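K.L.:
Dropping the structure in here first, questions after.
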Amino acid sequence: MAEQSSAEVSAAEPRAFLESLMDTELYSIGACFCDEHPDLVDELVARSDEIERRGLAAFARESDTAIEEAFETLLTGIAVRYYKAVAG
């Protein structure tokens, strides 16, 4: 069995790590949203940021939104940011 050089191992590790990041439910949710609703990505991320800044309960109360809907928006926004960070 041939040994790999340290450069080959170092190059393979980040690639394997990035591939493992793509094998998550969060990544899949983000990819799906970006593919199906590319025109809504910026709005979703902005709304998700607002929920994060204001807090889930406060955002839901102040925007007259069900807390479950606010949570789904927050989570989808996080997933989209995650997907974009990994996929580039």
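The values are calculated or read from the model by the stated rules, or taken from the named source; none is laboratory data. Here the structure is a predicted model, which is why all the values come from computation and not from measurement. Ideal geometry is used to build each Cβ from the backbone, glycine not excepted, and the neighbour counts take in all protein chains shown.
K.L.:
Which one of the conditions (1) in contact with a His (Cβ under 9 Å, 6 or more places away or on another chain); (2) at pLDDT below 95 does residue 26 fail to meet, given that it meets all the rest?
P.N.:
(1)
K.L.:
Looking only at the range 35-45, decide whether some residue is charged (D, E, K, R), under 14 Å from the mean Cα position of the chain (by Cα) and assigned to a helix (DSSP H, G or I). Give the derivation first.
P.N.:
Restricting attention to the range 35-45, the residues satisfying the condition of being charged (D, E, K, R) are 35-36, 39, 42-43.
Add one more test, that the residue is under 14 Å from the mean Cα position of the chain (by Cα), and what stays is 35, 42.
Filter once more, keeping what is assigned to a helix (DSSP H, G or I): 35, 42.
Taking every residue of the range 35-45 in turn, at least one turns out to be charged (D, E, K, R), under 14 Å from the mean Cα position of the chain (by Cα) and assigned to a helix (DSSP H, G or I).
K.L.:
Now a separate question. Does the range 29-52 hold any residues that are under 15 Å from residue 70 (Cβ atoms) and either touching a His at 6+ places or on another chain (Cβ under 9 Å) or of a type outside the set (A, V, I, L, M) (or both), and which are they?
P.N.:
Hits for the range 29-52 are 43, 44, 47, 48, 49, 50, 52.
K.L.:
To continue, here is another question. Identify, please: which residue in the range 46-56 is within 20 Å of residue 82 (Cβ to Cβ) and free of Cβ contacts under 8 Å to residues at least 12 places away in the same chain and is, among those, nearest to the chain's Cα centre (by Cα)?
P.N.:
At the first step, the residues of the range 46-56 found to be within 20 Å of residue 82 (Cβ to Cβ) are 46-53, 56.
From what is left, the residues that are free of Cβ contacts under 8 Å to residues at least 12 places away in the same chain are 46, 50, 53.
Numbers: 46: 13, 50: 16, 53: 17 Å.
Result: 46.
K.L.:
Which of the residues that make up the range 53-88 are more than 22 Å from residue 36 (Cβ to Cβ) and in a helix (DSSP H, G or I)?
P.N.:
Answer for the range 53-88, where residues must be more than 22 Å from residue 36 (Cβ to Cβ) and in a helix (DSSP H, G or I): 53, 54, 56, 57, 58, 59, 60, 61, 62, 67.
K.L.:
If residue 9 satisfies all but one of (1) of a type outside the set (D, E, K, R); (2) part of a helix (DSSP H, G or I); (3) modelled with pLDDT of 90 or more, what's the number of the condition it fails?
P.N.:
Failed condition: (3).
K.L.:
Kindly indicate which of 59, 17 is touching an Asp or Glu at 6+ places or on another chain (Cβ under 8 Å) and without any contact (Cβ under 8 Å) to a residue 24 or more places away in the chain.
P.N.:
It is 59.
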